[in-house]
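The block underneath contains the structure these notes are about, expressed in structure tokens.
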Amino acid sequence: MYLNDHLRNVMPSDTRDRILSAASLLFQDHGYHATGVASILDAAEVNSGSLYHFFDTKEALLEGVVEHHLQRLGPTIFDPAEAAHHDPVERVFIVLEHYRRTLLGSNFRRGCPVGRLALEIGDGEPRVRALVERYFSVWTGRVDSWLESAGARLPPSTDRVALAGLVLAATQGGIMLARSAATIDPYDTAIGQLRRSLERIPQPLVAPAAENAQDADEPLVFDEEASDAPGWRSW
């Protein structure tokens, strides 16, 4: 009942998008293999003809779902974080707060929609696997771009690409453990340790110029009014 009521509230009017949204939520809640086509039809309130008009097979639908998440990665996760804060490092933690709210809001049924699929499909669907790899590549690429824009706040020797990969690993691991234990504690532990690890990176001897003429010795402060991220948690 909960899922059907939720779908009615968020389901787009376009038939293809309705199918993708329904399949995405069901795959997150129950897994790809455990979700039957009949359940998707019922949740999307469409008939089989409508589904197979857009997707020849269930595997094609899976591919469409991952593409859907890839297209939405910037507009729904990274762009809002970028708009919410001027500090590129804090933007990373705004993104991680998004996943925290998703875990709590779904009672640990959902976290990263592509992370669960990546574990489930393995090497069984090469085209989907390629899309999953592209999703995570875009994810880490955006984090890497923020770390690059941090400039001299990180030592020149810092491998920002590897650091972005560490952020992804901590996020996915924390999500998996939180879902398994049905408590947010493992996620908070993972992200809290990530925060402390970043703080331990040696700072450059010369402080960088402050953004927007802010004094270089003054710590950056989260601007509550500039953020549309409720439930912000400072790890």
### Message
Let me test this: with uniform point scatterers at the alpha carbons of the stretch 28-155, what is the Debye-based log₁₀ I(q)/I(0) at q = 0.23 1/Å?
### Response
-1.38
### Summary
For the stretch 136-149, Karplus-derived ³J(HN,Hα) couplings (6.51, -1.76, 1.60; θ = phi - 60°; whole Hz; x for glycine and proline) come out as 5, 5, 5, 4, 5, x, 5, 5, 4, 5, 5, 5, 4, 6
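In what order, largest first, do H85, H30 sit by accessible area if the probe radius is 1.4 Å? Could you put the intermediate results ahead of the total?
On the way: H85 10, H30 100 Å².
Of H85, H30, the descending order of accessible area is H30, H85.
So, with a 1.4 angstrom probe, what is the percent of accessible area on the stretch 21-153 that is carbon and sulfur? All intermediate terms of the calculation are to be shown ahead of the outcome.
Numbers: 2680 of 5480 Å².
Carbon and sulfur: 49 percent of the exposed surface of the stretch 21-153.
The values are calculated or read from the model by the stated rules, or taken from the named source; none is laboratory data. Since the structure is predicted, the reported quantities are computational estimates derived from the model, not experimental observations. The protein model used for the area step is the full one, side chains on, heavy atoms only, and it has no ligands, DNA or RNA in it. Shrake-Rupley method; radii C 1.70, N 1.55, O 1.52, S 1.80 Å.
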